[in-house]
Ligand code: SF4
């Protein structure tokens, strides 16, 4: 059997005593979307840097079709940089305002392949059309566009090298209601057309629910719940996921129509609570086992994993 497109195995990144990422694992198949959700400080940014090979893990691996990306150099690394692209949250800060849109979009293609300028510009015209802009827009500067249009330009720039994976870092958080929906729909259409896989990093559960096939909920550097998105959103198991969902999404039976208020703040990664990292904030905390023993990420329903003693049947 062919190894998955992207596989993350026990991925950890430590900065001295700080465990920014602490043993996360998941895989991503072709044409699928995995959403990574959690509050700030949960390790999302560190995970993105490792996925884009902008940093190296302390422990663990990122593999593409079974090959560890840490070993990529020269041509392999160039190919990887072309195959894995990113779209970031604020198109205003990630787009250079002094460069014409044409050159901005062509840049990743010209950096990572040997195409001529003319070939690159031809490809620019195509991706501009694909993201719902006009060829004439190629001559303009990024600051001449609205927020939604700038995000379309950022998507075009990620798309031009026909990547296998696009890491979407809060791609619609800076946008308002209807524009947000348009960009999410555009991403879904492009996914079908180009057969791309997405790693969607979001704090917004609505976006994750709409876009994702699988979801990984992170807390303080660890995955606390993982599964098929539909199942996780319909029947969240981990108390942290329940609290996040009760605050962000319409109530469902397990939430008893009442918002669960998360106590306190996310702990500092320098001083993580012992046992279950979430225990000082957990509304279901039930004693010593929570405070002293770290729960493993285990299957609680078919293909649905949670790291919680309560979900594992401890009492
Ligand atoms: Fe809450 Fe205990 Fe489960 Fe942690 S292990 S989430 S403290 S019930």
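Residues in segment 44-67: is at least one surrounded by 14 or more Cβ atoms within 10 Å (Cβ to Cβ), in a strand (DSSP E or B) and in contact with a helix residue (DSSP H, G or I) (Cβ under 6 Å, 6 or more places away or on another chain)?
Within segment 44-67, one or more residues are surrounded by 14 or more Cβ atoms within 10 Å (Cβ to Cβ), in a strand (DSSP E or B) and in contact with a helix residue (DSSP H, G or I) (Cβ under 6 Å, 6 or more places away or on another chain).
Take the residues in segment 278-305 that are near the ligand (Cβ under 8 Å from one of its atoms) and touching a residue at least 40 places away in the same chain (Cβ under 8 Å), then tell me which one is nearest to residue 27 (Cα to Cα).
Here the residue is 278.
Tell me whether segment 26-34 contains one or more residues that are touching a helix residue (DSSP H, G or I) at 6+ places or on another chain (Cβ under 9 Å), under 23 Å from residue 172 (Cα atoms) and surrounded by fewer than 18 Cβ atoms within 10 Å (Cβ to Cβ).
yes
So is residue 20 touching a helix residue (DSSP H, G or I) at 6+ places or on another chain (Cβ under 9 Å), surrounded by 15 or more Cβ atoms within 10 Å (Cβ to Cβ) and in a loop (DSSP other than H, G, I, E, B) or not?
Values: touching a helix residue (DSSP H, G or I) at 6+ places or on another chain (Cβ under 9 Å): yes; surrounded by 15 or more Cβ atoms within 10 Å (Cβ to Cβ): yes; in a loop (DSSP other than H, G, I, E, B): no.
Judged against the criteria, residue 20 is not a match.
Residue 243 passes all but one of (1) outside any helix (DSSP H, G or I); (2) at pLDDT below 95; (3) crowded, with 17+ Cβ neighbours inside 10 Å; (4) out of contact with any strand residue (DSSP E or B) (no Cβ under 8 Å at 6 or more places or on another chain); which number fails?
For residue 243, the exception is condition (1).
Just for segment 285-305: of the residues that are assigned to a loop (DSSP other than H, G, I, E, B) and more than 28 Å from the chain's Cα centre (by Cα), which one is nearest to residue 238 (Cα to Cα)? Can you show your working first?
The initial filter retains those residues of segment 285-305 that are assigned to a loop (DSSP other than H, G, I, E, B), namely 285-287, 293-297, 302-303.
Those left that are additionally more than 28 Å from the chain's Cα centre (by Cα): 285-287, 293.
Details: 285: 11, 286: 14, 287: 16, 293: 16 Å.
For segment 285-305, the residue satisfying everything is 285.
Checking the conditions here, which among 248, 212 is away from the ligand (no atom under 12 Å from the Cβ), more than 24 Å from residue 312 (Cβ to Cβ) and either modelled with pLDDT of 95 or more or out of contact with any helix residue (DSSP H, G or I) (no Cβ under 9 Å at 6 or more places or on another chain) (or both)? Please lay out each step first, then the result.
Values: 248 fails: either modelled with pLDDT of 95 or more or out of contact with any helix residue (DSSP H, G or I) (no Cβ under 9 Å at 6 or more places or on another chain) (or both).
Selected residue: 212, the only one of 248, 212 that is away from the ligand (no atom under 12 Å from the Cβ), more than 24 Å from residue 312 (Cβ to Cβ) and either modelled with pLDDT of 95 or more or out of contact with any helix residue (DSSP H, G or I) (no Cβ under 9 Å at 6 or more places or on another chain) (or both).
Pull up segment 306-315, narrow it to residues that are part of a loop (DSSP other than H, G, I, E, B) and within 10 Å of the ligand (Cβ to nearest atom), then point me to the one that is farthest from residue 227 (Cα to Cα). Spell out the reasoning first.
To start, the set of residues in segment 306-315 that are part of a loop (DSSP other than H, G, I, E, B) comprises 307-315.
Then keep just the ones that are within 10 Å of the ligand (Cβ to nearest atom); that gives 307-312, 314.
Values: 307: 12, 308: 15, 309: 18, 310: 18, 311: 14, 312: 16, 314: 21 Å.
Checked segment 306-315; the qualifying residue farthest from residue 227 (Cα to Cα) is 314.
Looking at 129, 150, can you tell me which residue is farther than 25 Å from residue 39 by Cα, surrounded by fewer than 17 Cβ atoms within 10 Å (Cβ to Cβ) and modelled with pLDDT of 90 or more?
Only one candidate passes the filter, namely 129.
Exactly one of these conditions fails for residue 183: (1) over 27 Å from residue 7 (Cβ atoms); (2) free of Cβ contacts under 8 Å to residues at least 40 places away in the same chain; (3) out of contact with any helix residue (DSSP H, G or I) (no Cβ under 6 Å at 6 or more places or on another chain). Give me its number.
(3)
Would you please name the residue that is nearest to the chain's Cα centre (by Cα), looking only at residues in segment 1-13 that are surrounded by fewer than 16 Cβ atoms within 10 Å (Cβ to Cβ) and free of Cβ contacts under 8 Å to residues at least 60 places away in the same chain? I'd like the intermediate steps shown before the answer.
Step one: filter segment 1-13 for residues surrounded by fewer than 16 Cβ atoms within 10 Å (Cβ to Cβ), giving 1-3, 10.
Filter again for free of Cβ contacts under 8 Å to residues at least 60 places away in the same chain, leaving 1, 10.
Details: 1: 26, 10: 17 Å.
It comes out as 10.
The values are calculated or read from the model by the stated rules, or taken from the named source; none is laboratory data. Nothing here was measured: the structure is a model prediction, and the numbers come from that model. Backbone-built Cβ (ideal geometry, glycine too); neighbour counts: all protein chains shown.
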